[in-house]
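Have a look at the structure below before the remarks.
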Amino acid sequence: MISEQLIDILKNAKRVAVLTGAGVSAESGVPTFRGTDGLWKRFSPEELASFDAFMRNPELVWEWYQYRRSLIYDIKPNTGHYALAEMEDLFDDFILITQNVDGLHQVAGSKKIIELHGNIRRNKCSKCGEYYAEEIPVDKKEVPKCRCGGLIRPDVVWFGEMLPEDAINKAFYAARNSDLFFSVGTSGFVHPAAQLPITAKESKAYVVEINPDKTAITPYLDELLKGPSGKILPEIVKLLKLNNA
Ligand code: BJW
Ligand code: ZN
């Protein structure tokens, strides 16, 4: 249920920022990380999502990412992704900040987008940093090598790694300067991304969470719209279009 206060804020908001997490892709069939069916229930992040893990056992980590790619390549965006793509044109200033690596926001048509944790469809050399933009077939079992001899890895941000500097700077700038901020489908557990809604709140934005459950950051925010993002985001877009008509 969208509050009267939020309806009013939606009508007047000029600078809007949205942070998304794995929950936005859940309705497309992409598994989340935490939660009962989450990836971290079945696989250990220590063994799979750090640079040390990759250097210790590159074949295992490569195999896991190939498996993850096989899960996402045939998957389609859902109504939540499409609603966010539409929201770009409904505010003067809009930015989508995503932790997701699946690229589904871009497939849905979002253009004003900041990727905080990279993109699983891209690869880069673990030694010289050269990018490999083309998708490597998911049935490629051996870890490919760069022309410099280094091992090629997915272009995602692992635990203990810095986020891309430009992306995180732009994201914090948007959080500090928005008047309305949405935190959608994220557990608010992983830093520094989890700090963004808090920073927005401290900078006097109205901060709305969209999630079927309470999260680590719910107590610090203004309003929780409890439910799946694939249902709630289209309702918000519908309201905005009525206002603009
Ligand atoms: C729905 C839904 C529906 C379901 N609709 N919603 C203590 C304090 C601060 C920081 C740290 C600390 N200890 C350690 C750190 C640092 C660490 C960290 O945060 N660790 C935490 C575990 C505590 N962070 C880092 O290491 C980061 N780097 C960094 O800090 O650099 C500086 C530094 C360097 C060296 C030393 C120390 C500092 C990097 C973080 C990288 C995160 N990488 C991953 C993997 C990406 C690659 C891959 O995909 O394999 O990113 S981890 C994973 O978690 C992935 C996600 O982007 C990220 C966030 O998860 P997200 O999106 O929130 O998903 P879930 O599953 O947690 O939640 C889903 C939500 O959806 C739930 O709430 C559901 O209810 C909801 N949902 N269905 C809407 N239909
Ligand atoms: Zn290289």
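Only the coordinates and a few stated rules stand behind these numbers; no lab work does. Please read all numbers here as calculations on a predicted model, not as lab measurements. Backbone-built Cβ (ideal geometry, glycine too); neighbour counts: all protein chains shown.
Each row is one residue, and each column tells you yes or no for (1) of a type in the set (Ser, Thr, Tyr); (2) assigned to a loop (DSSP other than H, G, I, E, B); (3) touching a Leu at 6+ places or on another chain (Cβ under 7 Å).
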position	(1), (2), (3)
Ser70	yes, no, no
Asp74	no, yes, no
Ala83	no, no, yes
Lys111	no, yes, no
Arg121	no, no, no
Cys128	no, yes, no
Asp139	no, yes, no
Glu142	no, yes, no
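Can you pull out the residues in region 101-151 that are without any contact (Cβ under 8 Å) to a residue 12 or more places away in the chain and touching a His at 6+ places or on another chain (Cβ under 9 Å)? Hits for region 101-151: nothing passes. Hey, could you check region 34-69 for residues that are aromatic (Phe, Trp, Tyr) and within 16 Å of ligand 2 (Cβ to nearest atom) and say which is farthest from Val138 (Cα to Cα)? This residue is Phe51. Among all residues of region 15-28, there is none that is surrounded by 14 or more Cβ atoms within 10 Å (Cβ to Cβ), touching a Leu at 6+ places or on another chain (Cβ under 8 Å) and acidic (Asp, Glu). Of the residues making up region 195-221, those that are surrounded by fewer than 18 Cβ atoms within 10 Å (Cβ to Cβ), in a loop (DSSP other than H, G, I, E, B) and not hydroxyl-bearing (Ser, Thr, Tyr) number 5. Number of residues in region 113-141 that are more than 16 Å from ligand 2 (Cβ to nearest atom) and more than 13 Å from the chain's Cα centre (by Cα): the value is 7.
Inspection of region 47-64 identifies at least one residue that is under 17 Å from the mean Cα position of the chain (by Cα), in contact (Cβ under 8 Å) with a residue 60 or more places away in the chain and not in a helix (DSSP H, G or I).
Just need a number here: residues in region 211-245 that are acidic (Asp, Glu) and in contact with a Leu (Cβ under 8 Å, 6 or more places away or on another chain). Please lay out each step first, then the result.
Applying the first criterion (acidic (Asp, Glu)) to region 211-245 yields 213, 222-223, 235.
This time we only want the ones that are in contact with a Leu (Cβ under 8 Å, 6 or more places away or on another chain), so: 223.
The qualifying residues number 1.
Restricting attention to region 29-46, the residues that are surrounded by 19 or more Cβ atoms within 10 Å (Cβ to Cβ) and either at positive phi or assigned to a loop (DSSP other than H, G, I, E, B) (or both) add up to 3.
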